Each structure stands twice: as C-alpha cells, then as structure tokens.
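Structure first, commentary second.
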C-alpha cells in the first residue's frame, strides 16, 4: 500500500509533512488520518525537530478536505461521528503539538483542508491560491473542530464571515481577514526566524499557548462542534448535496 504522506526531515531542524494524494487533490481518507496521527506522535518526541511544516504534493492543492468518495457511505449520525471524531483527535494533536507548526498552502485549501491549516500555528500561502470553509455548501458545519480553532486564531467577526459565508477567497483576501499570516512563494525564509532558536525556547512558548487552550476547554468545544456536524451529516440536505457534488465530478 502506497503511503498517503511523504516525510522529509532536515538537519536544519524541520520536518516537512507532505499530503501525497495529488490525484485526489490531497483529500483526507482513513489511511491519511492514521499516518498523520502516527507522524505527529513520533515527531513530538524527536528532539531534532524544531518545526513541523505541512504542505501538499503538486501545485494544485494543499488539501481539499475529506474524501467524499470514501465517506459517501456514512449515513447515520453515529457513522459520521466515528469518522469525524477520529480526524478531530488528529486535528487536536496537531493544534497542541509541542513545537511550532506551519501550513504552507501551496494550492487550494477548502473544507477540511482549511481546518488542518487552522490547527497550525502559522499559515503561509502562495499568491492567488484559493481557500474556503465551504462546508456550509454541503449542508454541514466544520466537522473536525476547525471552527473552534479558528475562533482562537483570528478575530471572531472575521471567523464568522469565513464560516457562515462558506465562500472561496484568494490568499490575499484570506490574509486581510487574518487567516493567512503571509503571502509567500516559499516558507523557508519565514521559518529561519524560528529555526535559529533553541528547541526548548520554542517549546516553552508553545506550552503557554497550549495551557491557555486547555484552561479554556478547547478540546471539549471541539468535541461539541464535531457532534453537531455529525447530526447535520445525517440530514437529507447533506446527502443530497454530496450526491450533487459527486455526480458533477463524473
């Protein structure tokens, strides 16, 4: 079985995690969830890693969210919750990863792809790439806890605009809303400011952020968000929207 994630580790202190399903626009399936969970657990204990960088294979997509072709047979609330909570746990592990994390959005990021980017500490995007929390167009909400994370990362009014609007935005527009930190053709220059510091310095600052989130009950809020999405997943409106989406792709 081919791996869905490629990993590149550098002596400079970073690990590059590359979503490697370009034929599926780097969509998330169960195998990718398992691989990412394992990678995060191992990297968290690796003293040689100062920074985790997430990006997508190819140039078309960073991540197009959940693979609806694989998840289309999930009909009931409980079936949906099993899948959604599985990735929700991975997303939380990414958010509280003990070292800095960065999403380099090198292609489109929609739906769950935006949720993954939100879980990272920094978001850099290539000029012109398109991003959007489009879950609302499928009759559901963010399913992996991304809205709770987004409300921690950017001003609430901007977060609500991104979530309720469910529109596609250019990277430049997303930067104006605070979602993207910097428009850049590469991530290395931004990373240098982090990599020149001792790992324990970076971890100490990240711990302060994690402490804030734990005190504010972030994990519980993400779980409640996921449960709400599972209810909507079971609705006729969602199943009809998925059917239209899949038929349009044929």
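The values are calculated or read from the model by the stated rules, or taken from the named source; none is laboratory data. Quantities reported herein were computed from a predicted structural model and do not represent experimental measurements. Please note: Cβ atoms are built from the backbone with ideal geometry, for glycine as well, and neighbour counts cover all protein chains shown.
Can you tell me which residue within the stretch 41-59, out of those that are in contact (Cβ under 8 Å) with a residue 40 or more places away in the chain and over 24 Å from residue 184 (Cβ atoms), is farthest from the chain's Cα centre (by Cα)?
Top of the filtered list is 47.
Of all residues in the stretch 11-20, count the ones that are surrounded by 14 or more Cβ atoms within 10 Å (Cβ to Cβ), farther than 18 Å from residue 119 by Cα and more than 15 Å from the chain's Cα centre (by Cα). Before the answer, list the steps.
Within the stretch 11-20, the subset surrounded by 14 or more Cβ atoms within 10 Å (Cβ to Cβ) is 13-20.
So of that shortlist, the ones also farther than 18 Å from residue 119 by Cα come out as 13, 20.
Among the residues that remain, those that are also more than 15 Å from the chain's Cα centre (by Cα) are: 13.
Selection size over the stretch 11-20: 1.
Out of 191, 241, 159, 171, report the one residue that is surrounded by 15 or more Cβ atoms within 10 Å (Cβ to Cβ), over 22 Å from residue 98 (Cα atoms) and in contact with a strand residue (DSSP E or B) (Cβ under 9 Å, 6 or more places away or on another chain).
Testing whether each residue is surrounded by 15 or more Cβ atoms within 10 Å (Cβ to Cβ), over 22 Å from residue 98 (Cα atoms) and in contact with a strand residue (DSSP E or B) (Cβ under 9 Å, 6 or more places away or on another chain) leaves just 171.
Going through the stretch 1-14 one residue at a time, which ones are part of a loop (DSSP other than H, G, I, E, B) and within 21 Å of residue 197 (Cα to Cα)?
Hits for the stretch 1-14 are 10, 11, 12, 13.
Do we find that residue 86 is at negative phi and in a loop (DSSP other than H, G, I, E, B) in this structure?
Criteria not met by residue 86.
Only one of 73, 46 is at pLDDT 95 or above, assigned to a loop (DSSP other than H, G, I, E, B) and surrounded by fewer than 23 Cβ atoms within 10 Å (Cβ to Cβ). Can you tell me which?
46
Would you be able to tell me the number of residues in the stretch 227-250 that are assigned to a loop (DSSP other than H, G, I, E, B), farther than 18 Å from residue 86 by Cβ and in contact with a helix residue (DSSP H, G or I) (Cβ under 7 Å, 6 or more places away or on another chain)?
0
Can you tell me which of 112, 145, 132, 128 is touching a helix residue (DSSP H, G or I) at 6+ places or on another chain (Cβ under 8 Å) and at pLDDT below 95? Full working, then the answer.
Working: 112 fails: at pLDDT below 95; 145 fails: at pLDDT below 95; 132 fails: at pLDDT below 95.
Every option except 128 fails the conditions.
Hey, does the stretch 199-212 have a residue that's under 28 Å from residue 230 (Cα atoms) and surrounded by 12 or more Cβ atoms within 10 Å (Cβ to Cβ)?
Yes, some residue in the stretch 199-212 is under 28 Å from residue 230 (Cα atoms) and surrounded by 12 or more Cβ atoms within 10 Å (Cβ to Cβ).
Scan the stretch 89-113 residue by residue and report those that are in a helix (DSSP H, G or I) and either on the phi > 0 side of the Ramachandran plot or free of Cβ contacts under 8 Å to residues at least 60 places away in the same chain (or both).
Of everything in the stretch 89-113, those that are in a helix (DSSP H, G or I) and either on the phi > 0 side of the Ramachandran plot or free of Cβ contacts under 8 Å to residues at least 60 places away in the same chain (or both) turn out to be 89, 90, 93, 94.
For residue 17, all conditions in the list (1) in contact with a helix residue (DSSP H, G or I) (Cβ under 7 Å, 6 or more places away or on another chain); (2) without any contact (Cβ under 8 Å) to a residue 40 or more places away in the chain; (3) in a helix (DSSP H, G or I) hold save one; what is the number of the exception?
(3)
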